[in-house]
Amino acid sequence: MNQVIRIAVQKSGRLSEDSLKLIKECGIKFYNGTGKLKSTSTNFPIEFLYLRDDDIPGYVADGVADLGIVGQNELVEKDKEVQVIKPLGFSKCRLSLAIPKGESYEGLSYFQGKRIATSYPKILGDFLRDAGIQAEIHEISGSVEIAPSIGLAAGICDIVSSGSTLMMNGLKEVAEIFKSEAVLIAHPDLSAEKQETVEKLLFRMNAVQTGKNNKYVLLNAPNENLEKITSLLPGMRSPTILPLAEAGWSSVHSVINEETFWDKIEDLRAAGAEGILVVPIEKMIV
Ligand SMILES: Nc1ncnc2c1ncn2[C@@H]1O[C@H](COP(=O)(O)OP(=O)(O)OP(=O)(O)O)[C@@H](O)[C@H]1O
Ligand SMILES: O=P(O)(O)OC[C@H]1O[C@H](OP(=O)(O)OP(=O)(O)O)[C@H](O)[C@@H]1O
Ligand SMILES: [Mg+2]
């Protein structure tokens, strides 16, 4: 039996759903009833702590939790000693400076001598120092976008994703200062026994992530074009080729990376591929 590890996940908010979904996709079963702040998996040696995201870096640094899922923005802001294991590809957002949309803006000097409201005083402070701007940082813990309209600050520095919160509050984004996504973090000094359990979890997470980043593709190809088509499709080792019932044609099966997917499909069509089917991959172990 492996040593039980503890993972800290956000109780509710922009990280929680995708964090729990990833763990479920790893085949790990657990109780996640609202109100319960700690639970244990029934089929994997892992315990869950449901916390506010602000507290996750600290709990992992102190060793109260062995692992955690948190946004890079919160991690850098809290500046705790933890190991970043991997980016997780969700909760992507940016930290940006924004000002009232009627104001004219010619550059960062706009903020010189002004007051900026934010929940990220460290990230903003570091950015302003590097940019040589002296501004007053006014820390507030939420609803930052309201600050300019109530006369609290000339501008804000807050999380932006679609930009709709800024727009609804009469603000415009003028500079992006930090890019963020969810990351898996670990206590820097885990015991060898816990590390073993972490490796098992990582093996599963990698299989899930690699599956998501690839698509299984089946297509029909005239035999005279097979060489060209297979050269476009490396597959996991090499593509599978099966003869079709119709003479002179083959079915080609392969795996295509999400990033190059549409370019490859165009190239395959140009090379004579027909009847292209694309199937999602649940897990992929390379
Ligand atoms: N609109 C968004 N789109 C994508 N990711 C986001 C968005 N807003 C926030 N995030 C990411 O998700 C994290 C959690 O955001 P959320 O708004 O749930 O935080 P919170 O209100 O501080 O939650 P908590 O109550 O846990 O302290 C942020 O730190 C950021 O990394
Ligand atoms: O650019 P957008 O797509 O509008 O997203 C940005 C908003 O999303 C987050 O808030 P959230 O909606 O999570 O609420 P919260 O501030 O109460 O956490 C963040 O604090 C921004 O206000
Ligand atoms: Mg928070």
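A few remarks follow.
- Helix-only [θ]222 nm of the chain, DSSP H runs n ≥ 4, -39500 (n - 2.57) each, per residue, nearest 500: -8000 deg cm²/dmol
- Selection from 16, 187, 128, by position along the positive dipole direction of the chain (Cβ): 16
- When the chain is described by a simple charge dipole with +1 on each Lys and Arg Cβ and -1 on each Asp and Glu Cβ, the residue from 178, 226, 40 located farthest towards its positive end is 40.
- For the residue pairs 92/200; 24/86; 11/172; 29/194, the C-alpha atoms sit more than 28 angstrom apart in 11/172.
- Cα centroid of the range 14-59 to Cα centroid of the range 89-107, whole Å: 32 Å
- Counted by Cβ distance under 13 Å from residue 59, the other residues give a net charge of -2, where Lys and Arg count +1 and Asp and Glu count -1.
- Neighbourhood net charge (13 Å Cβ-Cβ; Lys/Arg +1, Asp/Glu -1) for residue 265: -3
- A straight Cα-to-Cα reach below 16 Å connects residue 80 with the lysines 122, residues fewer than 8 places away in its own chain not being considered.
- Using alpha-carbon coordinates, inclination of helix 192-212 to the longest axis of the chain, degrees: 70 degrees
- Where GluC sites (Glu not before Pro) in DSSP loops with at most 12 other Cβ within 10 Å are excluded, longest remaining stretch of the chain: 107-245
- Based on Cα atoms of the chain, Rg over Rh with Rh as the Kirkwood radius reads 1.10.
- Rounded to the nearest 20 debye, the dipole magnitude of the range 93-180 is 40 debye, with +1 charges on Lys and Arg beta carbons, -1 on Asp and Glu beta carbons, and the Cα centre as origin.
- Here is the list for the range 17-52: chymotrypsin sites (Phe, Trp or Tyr not before Pro) lying in DSSP coil, each with at most 14 other C-beta atoms within 10 angstrom of its C-beta, are 31.
- Distance in nm between pseudo-label sites at residue 200 and residue 228 (7 Å out along the Cβ direction from Cα): 5.1 nm
- Most mobile listed residue (120, 110, 59) in the chain, GNM with C-alpha springs under 10 Å: 110
- Separation of the residue 134 and residue 285 label points, Cα + 7 Å toward Cβ, nm: 6.2 nm
- Given charges at beta-carbon only (K, R positive; D, E negative), |dipole| of the chain in Debye: 620 debye
- Whichever lysines have a C-alpha closer than 25 Å to that of residue 228, once near sequence neighbours (fewer than 8 apart) are set aside: 215, 264
- If you take the Cα centroid of the range 175-214 and the Cα centroid of the range 122-138, the two points sit 31 Å apart.
Quick note: the coordinates plus some simple rules give every number you see, no bench work behind them. Quick caveat: nothing in here was measured; it's all calculated off a predicted structure. For neighbour counting, all protein chains shown are included, and Cβ atoms are generated from backbone atoms with ideal geometry for every residue, glycine included.
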